[in-house]
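This report refers to the structure that appears directly beneath it.
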Amino acid sequence: MGVFEDIVTLITDNFLSQVALLIGLIAFVGLALQRKPVEQVVAGTLRATIGVVILNIGVEIFVGGLVAFQAIVSSAMGLEPPAAASTLTDFNAGAGSVVPLIIAGGFLVHLALVRIFKAARYVYLTGHLMYWMSVVIAATLVEAFGEVDRWLLAGVGSVLIGCYWVLQPLWTAPLMRRVMRDGGEVGLAHTTSTLAVATGYGAKWLRLGDPERHDSEALKLPKALSFFKDVNVSTAFIIGVIMLISIAFADGGVVEEQMAGATVMPWVWGLLQALRFAAGIAILLFGVRMFLAEIVPAFRGLSERALPGTHPALDIPVTFTKAPTAVMLGFLASTIVFLILMGVFAAAGWFVLVPPMIMLFFGGGAGGVFGNAVAGWRGAVFGGVLNGILLAFGQWFSWGLYGDTAPELATLADPDWFAVGWLLMGVSTLLAPLGAWSAWLVAGAVLVVTILVLVILGRRPAPPIDAERETADASGEPVLAGRAGTAEAEGASSPQTTPSATATSAAAGADRPSPLRVLAVCGAGMGSSLILRRTAEQALDRLGVEAQLDHTDVGSARGTQADVVIGQPAYLDELAGGDALAVPIESFVDVKQAEQRLRTALERQGWL
């Protein structure tokens, strides 16, 4: 068994836990199954892999800043983290060493369920959360049943985590479709899913607002505050202000320790950390844009051949592309609420909370995006507030539950860790008097429930997918970038094409750049702009216009060249003053509207 375990650990450590290689392999297989040319297979595989590497570099940069931020904020509030009898390191050296087996076995259970049941249509691809949720399940079972046989722990854990990976993207799918507006091509694979569900349906039940009228991305800010529309600028500004205030009140020794020998003044160091944080976010979003443009079309090869009807379920940053302003609103609301609760808990003598800045950012961002999709900016704030409350009370309750295994799971947790851990702990504790073997009863019950859910969902009609979106070209191959300008184009009905009109059009088209460089823009450059780019490709094809298209964020659009720029009016206003022809298009998936707007604009320009 030692050799087998070593092989499984080797595969897990070098494949399943390495997201970049996993995504690259999936892209390679998907493109190969579609029989793409060799050059496209190689290029698509490398772009997908490099995109994930870039994403991870961005995460490393801003996570490093968050760790220092966390220590300084705690010091500024005069709080010390609670002591623990055990640590995550100790657990991983003992019972937790079975986690690689749980990941490998769980992924096999997951793929088997996805292959057998059509309703299980998402493949979970967030590698680092595969690890963390497996640790949560292992620690919970050990807390409930005590020291158990490692193979029993591996088997039960594999069934439980495999079922979770199947169900989690499904219970967020309806809201995910509203966020992504892609007909369900991408699922969510992140442990903030319970927060997303609570935020989305909670905001809807409370009737907090209208997603169109109160859209966070369309907020009308005073001109003096218009810089907040740029997510990079607003991130640096907000984090910089909080960091400077915290440094002013923090213990000098703590600040010096976090500066790690830096020779600059503390306030200069604080500003540099804020800038690094913003740069990390920008790098992260660029990486997401790069790998998402490749993995979605490549995954169709797997969907058509190996795992029919499936789609990738990806990490939470893929949703940040839709509403970067909502991400910041959620993060701010989450952080402020958590800091207030830190003071309340300390004053009441309940517990010393540790600010988990990473979870406050990703969870707050998730709450912001899903809340915005349902109720606009009010929903985004609601999602952030909810995340702050869940993390505070969850940390308090969970610290004692994992005191004998890995109490860090309380401070590093996402909402799903609490939901799954508490539920599993409660059921397992009831069965523990029967003996360790009763853990199989828990696994069997979860598997039966999962199969029943999949059978029921399989008998229901599939959710409608926008016809235009479903037929959109998903090649995802990058072409040229561009720069935005100012001309306006208003929608008009498409005129009938006659022989004389065709001749006139051909004559006018002689002055048109060939190929026409068209740039789709949005806040982050990887969500709505990617969809709009594909819609515009179809519209221009109908118009008979040879074009090269790309998509990017507003900030990058200012420094690139294009003949035409398309996007929502709010984004085009940010790019006024350039040389390109600006065409406002509100609906990202409506090919007819895109054709009308482009026809009108090109005719006015004398290019059609």
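Below is a table of values for the structure above.
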{"read-out": "Qualifying residue in region 594-601 (condition: touching a Phe, Trp or Tyr at 6+ places or on another chain (Cβ under 8 Å) and either over 26 Å from MET180 (Cα atoms) or open to solvent by less than 40 Å² (accessible area, probe 1.4 Å) (or both))", "value": "no"}
{"read-out": "Residue that is nearest to the chain's Cα centre (by Cα) [pool: residues in region 408-423 that are closer than 18 Å to CYS163 by Cβ and surrounded by fewer than 20 Cβ atoms within 10 Å (Cβ to Cβ)]", "value": "ALA419"}
{"read-out": "Close pairs (9 angstrom Cβ cut-off, 6 or more residues apart or separate chains): under 17 Å from LEU167 (Cβ atoms) in region 93-113, β-branched (Val, Ile, Thr) and not in a helix (DSSP H, G or I) anywhere", "value": "HIS110/VAL123; LEU111/VAL123"}
{"read-out": "Helices (runs of 4 or more DSSP H) contained entirely in region 1-91, each with at least 1 residues that are among the small types (Gly, Ala, Ser) and modelled with pLDDT of 75 or more", "value": "19-33, 38-76"}
{"read-out": "Residue selected from region 112-131 under the condition open to solvent by 40 Å² or more (accessible area, probe 1.4 Å) and at pLDDT below 80, by the criterion nearest to ILE316 (Cα to Cα)", "value": "HIS128"}
{"read-out": "Condition check for ALA154: closer than 17 Å to VAL427 by Cβ and more than 28 Å from the chain's Cα centre (by Cα)", "value": "no"}
{"read-out": "Answer from VAL166, VAL99, VAL136, VAL109 - the residue that is in a helix (DSSP H, G or I) and open to solvent by 10 Å² or more (accessible area, probe 1.4 Å)", "value": "VAL109"}
{"read-out": "Strands (runs of 3 or more DSSP E) lying entirely in region 483-573 (those with 1 or more residues that are at pLDDT 75 or above and open to solvent by 20 Å² or more (accessible area, probe 1.4 Å))", "value": "516-522, 547-553"}
{"read-out": "Criterion violated by TRP399 - all others in (1) farther than 19 Å from TRP205 by Cα; (2) crowded, with 24+ Cβ neighbours inside 10 Å satisfied", "value": "(2)"}
{"read-out": "From ALA313, ALA323, ALA298, residue being at pLDDT below 80 and touching a helix residue (DSSP H, G or I) at 6+ places or on another chain (Cβ under 7 Å)", "value": "ALA298"}
{"read-out": "Cross-chain or 6+ apart pairs with Cβ under 6 Å, region 263-281 first and modelled with pLDDT under 85, then of a type in the set (S, T, N, Q)", "value": "ALA278/ASN232; ALA278/THR235; ILE281/THR235"}
{"read-out": "Candidate set: region 373-386, residues that are touching an Asp or Glu at 6+ places or on another chain (Cβ under 9 Å) and open to solvent by less than 10 Å² (accessible area, probe 1.4 Å); chosen: the one nearest to ARG207 (Cα to Cα)", "value": "ALA375"}
{"read-out": "Close pairs (8 angstrom Cβ cut-off, 6 or more residues apart or separate chains): free of Cβ contacts under 8 Å to residues at least 40 places away in the same chain in region 153-182, assigned to a helix (DSSP H, G or I) and open to solvent by 10 Å² or more (accessible area, probe 1.4 Å) anywhere", "value": "TRP171/VAL197; THR172/VAL197"}
{"read-out": "Filtered residues of region 574-586 (kept if modelled with pLDDT of 80 or more and in contact with a helix residue (DSSP H, G or I) (Cβ under 8 Å, 6 or more places away or on another chain))", "value": "LEU581, ALA582, VAL583, PRO584, ILE585"}
{"read-out": "Within region 589-608, tally of residues that are on the phi > 0 side of the Ramachandran plot and part of a helix (DSSP H, G or I)", "value": "0"}
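Each row is one residue, and each column tells you yes or no for (1) of a type in the set (A, V, I, L, M); (2) farther than 23 Å from ALA282 by Cα.
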position	(1), (2)
VAL337	yes, yes
VAL381	yes, no
TRP396	no, yes
ALA406	yes, yes
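The values are calculated or read from the model by the stated rules, or taken from the named source; none is laboratory data. As the structure is a prediction and not an experimental result, all values here were calculated from the model. Cβ atoms come from the backbone with ideal geometry, glycine included; neighbour counts cover every protein chain shown. Side chains are part of the model used for accessible areas, which takes the heavy atoms of the whole protein and leaves out ligands, DNA and RNA. Shrake-Rupley method; radii C 1.70, N 1.55, O 1.52, S 1.80 Å.
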